[in-house]
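Okay, structure first, notes after.
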Amino acid sequence: MSLPGAELLARQFAEAFTGRISAAANVPRMLAANIERVLIRLAIGLLVAAAVAGIVSLTPPGRALLERMTGNGVQTTGHGPVIDQAETALQRGDLDAAKRLAARAIDHGPPDASIDYRAGNVQLAAGDEKRAEADYLTGEQQGATYPWNFIAIGQLYARQGKLLEADANLRAAIGIAPTIQFLHYDLGAVELREGLYAAAQADFDRELTITPGYRPAIQGKADATELLRKHGIVVADVRPRPSPTPSLAIPILIAPSPSPTPTPQVAPSPTETPTSSPSPTPTPTSTPSPSPTPAATHKPHKAVPVTKSATVHHHRPPSPTPLISSAPPPNLAAVASDARSYLLGEAQDLSFTHALPAADTSDSPAQLAVKIGAAHSEPDLLRLGTGALLQGDLGAAASAFSTASSLFPGDWRPAYLAGLTAQARGDDASARVLFATAARIGVRPEPYTSLAIEALNAGDVASALSYARRAGVLDPQYEPARFTAGMIAILAADAPLARRELGAAISLGGAPERAGFFLVAAGG
C-alpha cells in the first residue's frame, strides 16, 4: 500500500470516528478537528511501521536483525549461548552448523579459556583437527592456569604421534593441576612411547595413588619396569611425592571440566573402570632428600652483578678433564645429596641456561619503568626486562616480559624470561607454567632444562631426568642440559647415564668446576 493510500484510509477512519464523538457528546467541531488530525498522524505511523516490518521480515538480513532484537539470535548474550548451540548441533549430527557456531563463539566474544576448550572439543568431534588445535592453543594463551586446554592438545598431539609436543603440554597440565584423574596415566603412556621408561614408571605409579586399582596404569607400570630391566637400568625410588604448596603470587584455579567427561583419552583409550574415585589432593608433606643427608634448601635465584652498561657473558671457562681414578667408584647414594645440592646451587645463577640477552643495568628503577612503558620493539623490551631482573626489580622485569609476550606471542623468549623472573621471586608454580609455555612455543633446550630444575626442586627425580634428557636431545651441544642430566642421573642411580652426560658436558666446555668430581664418583 502506498503512503497516499494509507493517509486516505487513515483520514476516513479518523473522520468517521470523530464524527461519532461529535454527534454523541456534542463536542465542538474545532476540537473534533484537532482530534482528527492526531488520529490521522497516529494511524499513518502505525501503518508505515507495519509495512516496514513486513518488508524486513521477508529478507534474510532483516530476519537476522529481528532475531537479535527479539532474543532469538545466537549472539544475544555473549558467546555462552552460542557454544551451547554448537554442542547441541553436534549432538544432533549437524556437523557444519556445529563447526560454524563453535567458530562464532570464539570470534564474537571476549577471551575465555573455557569457551576455547569447548569450541576445540566441538571442532575435534566434527573432524577438524587443525581448528581444534588452534582453539586449544588460543585457550592456553588466554588461561595459563586453566588445565583443560593443555590436556586436550596434549592428547591430540599424542594421537598424532607428536610426542615431544604431547609431553610438554601434558606436563604443563600436571604443573597446574597435579591430581586430575588419568592425567599422569596419559603422560606415562606418552613417555613409554618416547623410551623414557623411568619417567613412565613414575607417572603410572603416581596415577595409582590417585586412582587405586586402575588396571591400565598397573599394566603400564609393569611394562615400564620390564623395559627398564631389559635395558639394564636399576632405578632407585624416584616416585614423585607431593611437595609443599608454594606461596603463589597468583592463585592456581583448578576448574572442573565444562563437559560431562573431563578429557578425551589418549588412543588407545583405557576400557577399565577405576575401582574408586580420585582421591582428594594429598596433604602436603616435606619432600625427602634422595639420601639421609638433608638436602639444601632451595633459595630464590640471585641476580648476577654486572657492571654499568655491561653485556652479560654466559659461558664459563672450560674445566680441565679429570684424571681417571683406578679406585672403585663410591656408591652413588653416598654422593646423591651432594649432587642435588650442587646442581640446585648452580642453577640459582640466572645465567645458568645461557639464555639472558645483553642488558644495560645503568637505569634507575624510575627510568626503567618509563622506558618499559614506552618500548614497543621486542629487543628493547627483552633488554630492559633483563636489566630490571639483574637489578632485582622483579616487578619491572615481569611487566617488560609480559608486554613482549603479548606483542610477540610466537617467540619463546618472553615467556621463558618471565619464568626466570617468577623463579627469582620464589613463585615456582607460575615458573613451571611459563617454562612449559616457552617449551611449547619454541621447542628449545633452555625451557626444558629449567623445567628439570623445577621438577628436581619439587622432588620429582624421574620427571627432572626426562626434561633434562629432552633438552639434550633437542641440542646435543647444549652443555647445561648435559650437565643437568648427568647430575640427575646420579640421583636416579643410573651410573652409565651419569658418566655419558657428565663426560659430554665437560668435553663441550663450560661445565661447572665440580663436574669432574661427580664424573669420577659415577665411575668415569
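The values are calculated or read from the model by the stated rules, or taken from the named source; none is laboratory data. Note that the coordinates shown come from a computational prediction; the quantities given were computed from them, not determined experimentally. As a convention, Cβ positions derive from the backbone with ideal geometry for all residues, glycine included, and neighbour counts pool all protein chains shown.
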Inset, instruction - Just name the residue that is surrounded by the most Cβ atoms within 10 Å (Cβ to Cβ) out of those in region 446-486 that are aromatic (Phe, Trp, Tyr) and more than 25 Å from ALA333 (Cβ to Cβ). - result: TYR448
Inset, instruction - Considering each residue of region 404-423, count those that are without any contact (Cβ under 8 Å) to a residue 40 or more places away in the chain, part of a helix (DSSP H, G or I) and either in contact with a helix residue (DSSP H, G or I) (Cβ under 6 Å, 6 or more places away or on another chain) or farther than 25 Å from THR138 by Cα (or both), and give that number. - result: 8
Inset, instruction - Go through region 495-514 and give me each residue that's surrounded by fewer than 23 Cβ atoms within 10 Å (Cβ to Cβ) and touching a Leu at 6+ places or on another chain (Cβ under 7 Å). - result: ALA495, ARG499, GLY503
Legend entry - Only listed residue being surrounded by 22 or more Cβ atoms within 10 Å (Cβ to Cβ), among the acidic types (Asp, Glu), at pLDDT 85 or above and farther than 30 Å from LEU456 by Cβ, chosen from ASP116, ASP94, ASP84, ASP112: ASP116
Legend entry - For THR353: the one exception among (1) in a helix (DSSP H, G or I); (2) buried (at least 22 other Cβ atoms within 10 Å of the Cβ); (3) of a type in the set (Ser, Thr, Tyr): (1)
Legend entry - Whichever residue in region 408-430 is among the acidic types (Asp, Glu) and more than 13 Å from SER450 (Cβ to Cβ) and, among such residues, is surrounded by the fewest Cβ atoms within 10 Å (Cβ to Cβ): ASP411
Legend entry - Residues of region 448-464 classified as part of a helix (DSSP H, G or I), among the small types (Gly, Ala, Ser) and within 16 Å of PRO178 (Cα to Cα), total: 4
Inset, instruction - Kindly indicate whether any position in region 178-193 is touching a helix residue (DSSP H, G or I) at 6+ places or on another chain (Cβ under 9 Å), small (Gly, Ala, Ser) and either under 18 Å from ARG440 (Cα atoms) or outside any helix (DSSP H, G or I) (or both). - result: no
